[in-house]
Every structure is written in C-alpha cells, then in structure tokens.
1. Limited to the stretch 187-202, what total is found for residues that are surrounded by fewer than 23 Cβ atoms within 10 Å (Cβ to Cβ) and either charged (D, E, K, R) or not in a loop (DSSP other than H, G, I, E, B) (or both)?
2. Any chance the stretch 169-191 includes a residue that's closer than 17 Å to residue 387 by Cα, within 16 Å of ligand 1 (Cβ to nearest atom) and touching a Phe, Trp or Tyr at 6+ places or on another chain (Cβ under 6 Å)?
3. Looking at (1) in contact with a Pro (Cβ under 7 Å, 6 or more places away or on another chain); (2) within 15 Å of ligand 1 (Cβ to nearest atom), find the lone condition where residue 64 falls short.
4. Quickly run through the stretch 274-316 and pick out the residues that are touching a helix residue (DSSP H, G or I) at 6+ places or on another chain (Cβ under 8 Å), within 20 Å of residue 216 (Cα to Cα) and surrounded by fewer than 16 Cβ atoms within 10 Å (Cβ to Cβ).
5. Within the stretch 351-366, can you find the residues that are within 16 Å of ligand 2 (Cβ to nearest atom) and more than 12 Å from residue 193 (Cβ to Cβ)?
6. Is it true that residue 30 is touching a helix residue (DSSP H, G or I) at 6+ places or on another chain (Cβ under 6 Å), among the charged types (D, E, K, R) and either under 29 Å from residue 309 (Cα atoms) or surrounded by fewer than 24 Cβ atoms within 10 Å (Cβ to Cβ) (or both)?
7. Could you tell me how many of the residues in the stretch 10-33 are away from ligand 1 (no atom under 13 Å from the Cβ), of a type outside the set (A, V, I, L, M, F, W, C) and touching a Lys or Arg at 6+ places or on another chain (Cβ under 6 Å)?
8. Buried (at least 22 other Cβ atoms within 10 Å of the Cβ), of a type in the set (A, V, I, L, M, F, W, C) and not in a helix (DSSP H, G or I): is that true of residue 244 in this structure?
Amino acid sequence: MEVKISFLGGAKEVGRSSYLVDIGEKFLLDHGVKLGPIKTEYPSVVRTNLNAVILSHAHLDHSGNLPHLFDYMRSLVFMTPPTLDLSRLLWFDSIKIADREGKPPKFTKKEVDRLERFVFPTNYNRRLQLTENVAMEFFDAGHIMGAAMTKLEFKDRVLVYTGDFKAEETRLFQAADLKSVGKVDYLIMECCYGDRDHTPRKEEEKRFAEKVREIMENGGVALIPAFAIGRSQELVEILYEYKIEPVFFDGMGQKAARIMFNFPEYLKNKKYLQKALDNAFWVENRKMRKEALKQPSAIVTTAGMLTGGTVYEYLPKLYKDKNSGILLTGYQVEDTPGRILLEHKRIKLNGSDVKVSCQVERFDFSAHAGRSGLIKAVKTFQPEKIVLVHGEEEVMEVFAAYLREEEGFEVYTPKNGETVVL
Ligand SMILES: [Zn+2]
Ligand SMILES: [Zn+2]
C-alpha cells in the first residue's frame with residue numbers, strides 16, 4: 001500500500017498547515033494561513049478531488065484558508081463541534097480585518113456558509129467509516145478546546161496526524177490522549193519545540209503572577225497580550241488564583257470564552273474558570289479602557305503575537321512607561337510584531353516604528369508539546385515512519401537527527417511543494 005503525502009504548506013515552517021494524504025483515496029489535513037507583518041501566505045491550491053477534509057483545530061494556521069477551498073470545490077469536512085464554533089469566530093474576524101485594511105478578502109460570508117453546510121461535527125473517540133476502505137477517529141490533542149489528533153485506518157495500516165498537541169495537562173485541558181491511539185505506522189507530527197523543553201507549568205505560572213504583582217506594586221500596568229482561544233482565559237484564571245486585582249479582560253478572548261462555556265465537557269473545571277472570569281472586568285468600551293489605564297492593573301487582551309486586536313488600544317499609552325510591562329505569553333512566530341518586540345524592543349504604532357522602553361518579558365505558557373512530550377508521543381506510537389511538520393527548519397533538523405541517531409526512527413523532513421511516498 002503506497003502512502004503519498006503532498007505538502008501544500010506548513011512544512012519546514014510554522015503556519016499555513018495543509019497536507020494532502022493520498023492512500024488511494026484523498027484526504028486533506030488542515031488548510032491554514034501564515035500571517036506575516038506585511039502579507040498573508042497561503043498553502044498551494046488543491047488540484048484534485050477530495051474524499052474528505054479533516055480540520056485538526058481552530059487556530060488560523062490550520063483553519064484560516066478552509067473557506068477559500070469552498071470557492072472552488074465541495075467536500076465533506078470533519079472537525080469537532082467546538083472547532084467549528086471557534087473557527088467560525090476566527091473566519092469572520094479575518095473577513096473583518098481584510099475589510100478594515102482594504103485588502104481583497106480570500107473568502108466572504110458566502111464561502112463560510114457553504115463550508116458549514118458540508119461540516120460533519122465529530123467528537124473524540126468516535127470511529128467513523130469515511131469510505132469503504134478508510135475509517136477515521138479523533139483523539140483529544142490537549143492543545144486548545146476541540147483540538148484533535150486524527151487517526152486514519154486503511155487496510156491494515158494506520159496513519160496519525162497529531163495536529164498541534166500538548167503531552168502534559170494544563171489548567172483548562174487534559175493532556176493529549178496518546179495512549180488511546182494504539183498502533184501507528186505513519187506519523188505526521190508537529191515539532192514546534194523539538195529543540196527544547198518548557199519550564200514546568202506551575203513554576204511559570206508563579207513567575208508570571210509575581211511579575212504582574214511587581215509591576216502593579218510599582219504603580220504600573222501589566223499589559224498581557226494573549227491568544228483569544230484558551231490562553232487568555234487561562235491567564236485570567238491564574239491571576240484569579242493568585243488574587244491579583246483588578247484584572248481587565250478585553251478583545252476576542254471574550255467571545256471565545258462564551259463559546260467555550262457551550263462545551264463544558266471539553267473543559268477540565270468549568271466552575272472555577274467561570275468564577276475567575278466573573279471576577280474580571282470585561283472591557284466593553286473606550287471608557288473602560290481609560291479606567292484600566294488609570295490605575296495599577298493587569299490587562300489581558302488580544303492578539304497574542306500583536307498581529308492586531310485591542311492590545312493596540314493600550315500600547316500607545318504604555319510603551320514608554322518604565323513602570324509598566326508587556327508580558328508575552330505564547331509562541332511568537334518569526335517576523336510577527338510580537339517576535340520583533342521580543343528581539344528588538346520595537347513596535348509599529350500608527351505606521352511609525354518606535355523604540356519600546358517599558359519592560360518586555362516572555363513567559364512560556366505553550367500549548368505545544370516540548371521536546372520530551374514529542375519524544376513521549378513517538379515512543380508511545382512506535383511508528384514505522386515519521387514525517388515532521390509545523391516547525392522552523394533549524395529546530396526540525398536538530399530534532400530529526402535525534403530521532404534518527406538516538407532512537408533509530410526513519411524520519412522525513414519534507415519542504416513545501418514536495419510529495420513524499422512512504
Ligand atoms: Zn494551534
Ligand atoms: Zn499550529
């Protein structure tokens with residue numbers, strides 16, 4: 001049985017994940033975008049009929065170009081119910097941003113509506129016969145709400161695509177359900193952090209809370225840009241646990257929180273999260289933003305990599321204030337404003353590039369597996385062949401070399417545009 005995988009995007013890079021799996025029948029795994037400072041990059045066009053599309057999770061680097069696909073083709077799409085609702089939130093936000101920036105949108109509401117008519121919502125641990133020869137099952141990936149690892153079974157072979165996953169549990173979510181997956185022959189795995197481990201979560205939470213407290217005690221504002229889905233709610237919960245007040249909760253994280261509460265079975269502890277979010281001030285307007293800036297406070301807002309969002313309502317007032325700080329709380333993709341801020345202490349405000357003199361610090365609250373988590377997955381699955389994706393090239397090569405030399409696996413590190421035959 002020949003397994004062919006074409007890499008339309010998301011190979012040797014983080015962003016625009018899209019992999020076409022051909023096992024006699026054709027399945028598209030994810031169809032994302034890569035948001036850059038100047039332009040958005042897209043995966044290659046799909047030039048074949050598909051038996052199905054499978055979406056691992058809502059993040060735009062996996063979901064962002066999916067509606068565009070429905071401009072020129074039709075196919076059933078499988079995803080978990082929360083992934084659909086969270087993706088819809090992000091898709092409509094993309095349309096809004098394109099409109100505001102006067103850019104021609106890649107898709108409109110029409111394509112999103114059309115796509116939704118083809119969605120088959122699928123929960124974890126429900127084995128589905130997709131075609132006569134191929135069955136599919138989702139497993140909890142522990143990454144964000146609804147994120148799934150995908151298992152495809154055909155003949156007596158098994159292919160698993162991890163999507164983005166986290167091998168340890170976090171505040172809001174269980175760890176990836178690695179052991180339920182079973183025997184794997186071919187593994188397509190993300191390797192964002194193939195070169196290092198994360199600081200243990202509890203330690204990092206403490207360091208974060210202490211930094212916020214220190215800033216506030218010095219009369220400053222802790223501005224905390226965070227990803228809308230999962231991270232911003234998690235941070236509000238940490239601040240609540242450490243009894244830090246007042247906390248202002250702004251941006252798209254609010255809408256994401258409302259969606260998350262519709263799926264309590266996907267959360268570890270809905271009640272505690274609810275309490276924490278109820279304790280924060282949900283920012284509704286300019287007046288409340290002024291209020292937040294008038295006093296020592298913690299402001300949790302989007303976007304996590306400063307690619308836009310309400311964080312820009314606060315930055316102009318804070319970037320020169322040495323008592324205040326910008327606390328980055330997630331992975332900063334190459335060339336994003338967040339990465340540039342971290343490496344060069346500069347940001348773009350209203351078109352001009354300015355030097356930042358407030359404090360800037362990064363905290364490692366990753367929702368991705370660290371190096372040990374990746375190795376744990378590989379050792380659990382014991383695949384015959386491993387294809388690494390979703391990582392920066394240098395990181396990927398280091399990790400691939402380790403898997404080959406120390407663990408004896410057959411490892412592929414394809415690039416975009418390539419087709420690998422396994
Ligand atoms: Zn993700
Ligand atoms: Zn991703």
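1. So the answer is 5.
2. Yes, because at least one residue in the stretch 169-191 is closer than 17 Å to residue 387 by Cα, within 16 Å of ligand 1 (Cβ to nearest atom) and touching a Phe, Trp or Tyr at 6+ places or on another chain (Cβ under 6 Å).
3. (1)
4. Residue satisfying the conditions is 282 alone.
5. Within the stretch 351-366, 365 is the sole residue that qualifies.
6. yes
7. Of the residues in that region, 2 qualify.
8. So residue 244 fails the test.
The values are calculated or read from the model by the stated rules, or taken from the named source; none is laboratory data. In this text, all values refer to a predicted model and were calculated from it rather than measured experimentally. Positions of Cβ are backbone-derived with ideal geometry, glycine not excepted, and every protein chain shown enters the neighbour counts.
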